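The values are calculated or read from the model by the stated rules, or taken from the named source; none is laboratory data. Because the structure is predicted, anything quoted here is derived from the model rather than measured. All Cβ positions, even for glycine, are placed from backbone atoms using ideal geometry, and neighbour counts span all protein chains on display. In case anyone asks, the SASA skips ligands and DNA or RNA and just uses the protein heavy atoms, side chains included. Shrake-Rupley method; radii C 1.70, N 1.55, O 1.52, S 1.80 Å.
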Amino acid sequence: MEGAEKEPLVQCPVCLEELPGAHINSHLDQCLQAGEGEAEPGSSPPCKRPRLAAAPPGSQAQGEPEEARPAAATPSVFSLFHKGRGGGQSPGAPGRRSGAGREEAAVKPEDGGSRAAGSGAALRGESLAQKLEGKPLAERLRPDTLGDYVGQERVLGAQTLLRSLLESHEIPSLILWGPPGCGKTTLAHIIANSSKKNGTRFVTLSATSAKTNDVRDVISQAQNEKRLFKRKTILFIDEIHRFNKSQQDTFLPHVECGTVTLIGATTENPSFQVNAALLSRCRVIVLEKLSVKAMEAILMRAVRSLGVQVLGQGDDHGSSATGSSSESLETSCVSSFTSSPPCLCAAGLSSDAHRFPVYIEEKALNTLAYLCDGDARTGLNGLQLAVQARLAVGKTTPLNITKGDSADGILITEEHVKEGLQRSHILYDRAGEEHYNCISALHKSMRGSDENASLYWLARMLEGGEDPLYVARRLVRFASEDIGLADPLALTQAVAAYQGCHFIGMPECEVILAQCVVYFARAPKSIEVYRAYSNVKECLRMHTGPLPPVPLHLRNAPTRLMKNLGYGKGYKYNPMYKEPVEQDYLPEELKGTDFFKE
């Protein structure tokens with residue numbers, strides 16, 4: 001015993017208990033294996049410091065060593081082994097534990113009992129508010145299963161090939177192509193959740209930040225997983241069109257041999273932005289813009305998750321903003337968790353006006369579904385912005401929910417939604433698919449003499465940010481290709497429009513382009529010159545053997561030698577003759593050819 005007493009004591013880095021050096025290893029193993037907040041079996045609880053306020057039963061497990069530490073030494077050790085507990089403060093120091101911390105312990109009983117009626121519900125609301133601020137609404141409501149996926153019935157509806165493959169966990173290499181907010185990343189998120197349950201690795205990279213070395217590391221890990229554990233790897237590349245051609249070539253052999261299953265998402269046309277060799281190894285899935293009906297379903301799901309009540313077209317409500325009644329002010333948030341309409345604190349959106357329920361007009365949701373132009377992310381973010389803006393104002397409105405019953409609440413109207421979006425969301429990409437689609441629609445509308453459609457497609461391009469000089473250059477081409485000799489002044493109009501756009505720029509030049517577009521839509525059309533020149537090119541391409549030489553009488557003879565060779569001999573100078581001149585101008589092989597006929 002005397003030898004043991006003389007043996008130097010060593011302090012445990014977990015519980016700070018001083019023990020003989022021979023016992024520290026076994027004691028340390030017990031400390032590390034013990035669950036958080038649980039007492040070590042067979043060990044006596046250390047002496048606790050006196051506290052200013054005792055914690056409620058159940059909030060601290062017996063034998064928890066944090067109160068036995070010195071106040072000065074607690075933060076350095078406590079933050080290492082008990083990360084995130086206590087908010088970085090010393091829970092053992094007297095007076096350090098705040099009242100909010102005690103309330104948090106009080107509203108977290110393990111048996112699921114009732115919470116404190118006022119402060120517990122308010123704390124719950126604050127927690128949800130922080131969660132909403134941390135993530136956008138579009139990210140929080142991202143579905144996890146195919147059953148919750150809305151839209152894209154053409155490729156993911158019941159009995160479709162892709163849905164059958166996804167449900168059977170047979171994931172082929174895919175290229176998901178569609179406009180922003182149509183559900184590409186969400187579909188990849190659903191595949192990730194499904195693959196993890198099936199034991200398949202799912203790795204996500206973004207082409208906006210990832211480098212070639214990152215891709216090679218993932219492929220190397222996939223090779224090891226496949227060789228050692230027979231485990232498949234799915235690699236999701238977001239914005240895959242941002243990778244250049246050489247970076248995309250990195251995937252080729254590994255997708256070919258099945259080392260990785262590649263899923264790429266892009267908003268650009270894969271025909272232009274993805275290697276043809278990589279396209280041949282993947283199946284291109286075209287996702288379309290979400291319909292208005294799908295957007296309404298998504299917004300309704302978001303409203304329900306937030307606990308916001310929808311007012312139908314038949315519900316009456318007042319328009320004046322008034323203060324709340326004293327009876328409404330005394331309403332408890334906890335009671336509104338189970339009553340209708342729901343309370344703001346249940347939605348986790350406001351801590352100041354949480355006593356008032358939130359309402360949104362059905363017309364406002366319908367308008368938002370139309371304005372977001374099939375972009376679910378734009379619609380959800382617009383809804384979140386409108387709700388948060390109304391809560392920040394904090395004004396209530398008297399509402400007649402049922403006949404003879406009036407209540408105060410925060411109302412979100414159609415005007416609030418429009419104010420959040422500012423204007424209609426116009427999908428247009430100056431360097432992508434919409435660029436070529438819209439200019440094609442403009443060209444064909446003018447060719448079809450539809451002046452209204454021509455103006456519409458012109459406005460779509462200009463309001464979407466298109467370069468007016470690009471449109472003007474296309475109009476110059478149209479003047480000769482589709483109008484031609486039917487109205488020779490069309491080319492003059494087009495060149496003048498280009499010069500006008502070059503002089504004054506946008507937005508003043510938009511009316512110049514509009515005038516030119518309407519002129520071309522109303523002008524007579526003729527493709528005589530365009531077709532004749534196309535026939536000439538076809539004749540040159542289809543000619544077999546060497547091209548025929550220029551006839552001698554048509555050649556220039558600036559020197560005596562060339563004249564002696566017969567250059568220019570027999571040529572008839574047309575202005576010298578009053579009558580028509582009979583003379584051949586085509587090579588002998590093409591004599592009598594008429595390129596203006598079919």
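For the pair the range 541-598 / the range 364-379, the C-alpha centres are spaced 67 Å from each other. For the pair ARG304 and VAL286, the difference between a 0.36 nm per residue extended length and the Cα-Cα distance amounts to 3.5 nm. Each pair of Cα atoms in the range 521-598 enters the Kirkwood radius, and Stokes-Einstein at 10 °C and 1.306 mPa s then converts it into a translational diffusion coefficient of 101 µm²/s. Note on the range 450-598: along the principal axes its Cα atoms extend 65, 34, 33 Å, ordered by decreasing extent.
Once the Cβ-Cβ distance of ALA276 and LEU32 is raised to the sixth power relative to R0 = 51 Å, the FRET efficiency obtained is 0.35.
Residues of the range 567-596 with an amide N closer than 16 Å to a point placed 7 Å from the Cα of ASN556 along the Cα-to-Cβ direction: 567-569. Largest first, the three principal axis extents of the alpha carbons in the range 234-303 are 46, 25, 18 Å in whole numbers. Probing with 1.4 Å while keeping every protein chain in the model, the per residue accessible area of the range 522-598 equals 86 Å².
Each peptide in 20-32, 367-379 receives the mean, over its residues, of other Cβ atoms within 10 Å, and ordering these scores from highest gives 367-379, 20-32.
Near SER449, once Lys and Arg are set to +1 and Asp and Glu to -1 for all other residues with Cβ below 14 Å from its Cβ, the sum equals 0. Legend: residue pairs LYS184/LYS226; LYS135/LYS184; LYS525/LYS591; LYS197/LYS289; LYS444/LYS525; LYS197/LYS245, Cα-Cα distance threshold 22 Å; pairs beyond threshold, LYS184/LYS226; LYS525/LYS591; LYS197/LYS289; LYS197/LYS245. Neighbours of ALA210 by Cβ distance under 11 Å: Lys/Arg scored +1, Asp/Glu scored -1, total -1. Inter-label distance, LYS569 to GLU256: 6.4 nm, where each label sits 7 Å from its Cα along the C-beta direction. With a simple spin-label model that places each label point 7 Å from the Cα along the Cα-to-Cβ direction, the separation between GLN515 and ALA158 comes to 5.9 nm. On the beta carbon distance between THR492 and ASP467, with R0 = 22 Å, the FRET formula returns roughly 0.45. The slack between TYR370 and VAL393, meaning 0.36 nm per residue of separation minus the straight C-alpha distance, is 5.7 nm. Carbon-plus-sulfur accessible fraction, the range 241-296 (probe radius 1.4 Å, protein heavy atoms only): 49%. Taken along the Cα-to-beta-carbon direction at a fixed 7 Å, the label points for CYS539 and ASP217 span 6.5 nm. Annotation: average projected area of the range 270-309 is 4.6 square nanometres, based on the convex hull of Cα atoms across all directions.
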